[in-house]
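Notes to accompany the following structure.
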Amino acid sequence: MIDVEDLSFRYPDGTLALSHVHLNIQSGETVLIAGPNGSGKTTLARHFNALYLPTEGSVRVKGVPTHQDEFHARLHVGMVFQNPDDQIVGSTVENDIAFGPENLKLSPSEVGERVEEAIQIMGLSDLKNRSPHLLSEGQKRRVAIAGVLAMKPECIVFDELLSGLDLPSRTSLIDELIKLKNLGYTLVVLCTDLEDIWTLADRLVIMMDGNIVKEGKPSELILEGVESHGVREPVIFKLFRALKEADG
């Protein structure tokens, strides 16, 4: 799905945000990219749908370099931002979800079908005539996901999807991720906290200072220790370590 080869990226002020990054994400895979704030994970992910273009190296989406065809990348990779208000523009939930497909110049019937499918997947039928700006934070994030789903991408990137949410909202969104995973979507989740979400992932990638420092099976990397890299490990692993120490 996504091939990152020797990617380096500098911001216009000259700050080096990514340095010689290599990463491959397979179709249908669920990948967690974890790291502290400033580690480069969001900057990396914004290359996947050509919001940023490489300073050096390349990013390919389904074999096509993003710098050659930005539209191709955005058709195949959708992104849900950390703050849903950054991508909610409609006066109602239904209108907001329709915004993306309408900008693809699709027929009204095709737009309607995509909107209804996204509403059903995300369980938003009871909210479709509500103003998205008046919804709870968890509901807003579900609307933002539905808006991305209506664009029919094969891969969805989530930037700190669970950050700042209460337990019921976190649980609801995790259930939605499981649903999307089972539907065959490629999922990339950016996080600093692995609680509740590590069990969904096929692979964990840890970033620091613009580089990938570790990657592998989530359980194995967490057991090796992730907190030294600025990533909060799940409580169950803390309990495991405490019990192991108590047993001598």
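Read-outs throughout are calculated quantities, based only on the coordinates presented, and are distinct from any laboratory measurement. Quantities reported herein were computed from a predicted structural model and do not represent experimental measurements. As a convention, Cβ positions derive from the backbone with ideal geometry for all residues, glycine included, and neighbour counts pool all protein chains shown.
For Glu29, the amide hydrogen comes within under 5 Å of the amide hydrogens of Leu187, counting only partners 5 or more places away or on other chains and with H modelled in the peptide plane. Cross-link reach is defined here as a Cα-Cα straight distance under 22 Å, omitting same-chain residues fewer than 8 places apart; for Lys217 the lysines meeting it are Lys41, Lys179, Lys181, Lys238, Lys244. FRET efficiency for the pair Asp202 and Val235, taken as 1/(1 + (r/R0)^6) with r the Cβ-Cβ distance and R0 = 22 Å, rounds to 0.50. For the range 1-111, taking Cα atoms only, Rg and Dmax work out to 15.8, 47 Å respectively. Size descriptors for the range 115-248, from the alpha-carbon set: Rg then Dmax equal 17.1, 59 Å.
Around His133, with a cut-off of 11 angstrom between Cβ atoms, what is the net charge of the other residues, counting Lys and Arg +1 and Asp and Glu -1? The partial results should precede the final answer.
Numbers: positive: Arg130, Lys140; negative: Asp85, Asp96.
Surrounding charge for His133 is 0.
Computed from backbone phi with θ = phi - 60° and the Karplus coefficients 6.51, -1.76 and 1.60, the 3J(HN,Hα) list for the range 93-100 is 4, 4, 5, 5, 5, 6, 4, x Hz; x is used for glycine and proline. Label separation (Asp3 vs Asn129): 5.1 nm, computed from points 7 Å beyond Cα along the C-beta direction. Normalised by the number of residues in the chain, the mean separation of alpha-carbon contacts (under 8 Å, six or more apart) gives a relative contact order of 26 percent. Computed over the chain, the alpha-carbon pair-distance distribution with 10 angstrom bins reads 7, 30, 34, 21, 6, 1, 0, each value a whole percent.
Packing here is the average count of other Cβ atoms within 10 Å per residue, and on that basis the peptides 9-21, 177-189, highest first, run 177-189, 9-21. Scalar couplings 3J(HN,Hα) for the range 51-63, obtained by applying the Karplus form with A = 6.51, B = -1.76, C = 1.60 to θ = phi - 60°, are 5, 10, 10, x, 6, 9, x, 8, 10, 10, 10, 6, x Hz; x denotes Gly and Pro. Dividing the mean sequence gap of close Cα pairs (under 8 Å, 6+ apart) by how many residues the range 103-166 holds gives a relative contact order of 36 percent. Binning the C-alpha pair distances of the range 181-248 at 5 Å intervals from 0 yields a P(r) profile of 3, 14, 27, 23, 15, 10, 5, 2, 1 %, listed from the shortest bin outward. Between Gln82 and Lys179, residue separation times 0.36 nm minus the direct Cα-Cα distance comes to 32.9 nm.
Here the relative contact order of the range 17-113, from alpha carbon pairs under 8 Å that lie six or more residues apart, stands at 15 percent. Calculate, in whole percent, how much of the Cα-Cα pair population of the range 137-197 lies beyond 17 Å. Looking at the range 137-197, the distances longer than 17 Å represent 33 percent of pairs. Among Ile156, Ile212, Trp198, whose Cα projects farthest towards the positive end of the dipole of the chain, with charges put on the beta-carbon of Lys, Arg (+1) and Asp, Glu (-1)? Looking along the dipole axis, the top candidate is Ile156. Legend: calculated FRET efficiency, Ala246 to Asn95, from the Cβ-Cβ distance at R0 = 45 Å, rounded to 0.05, equals 0.20.
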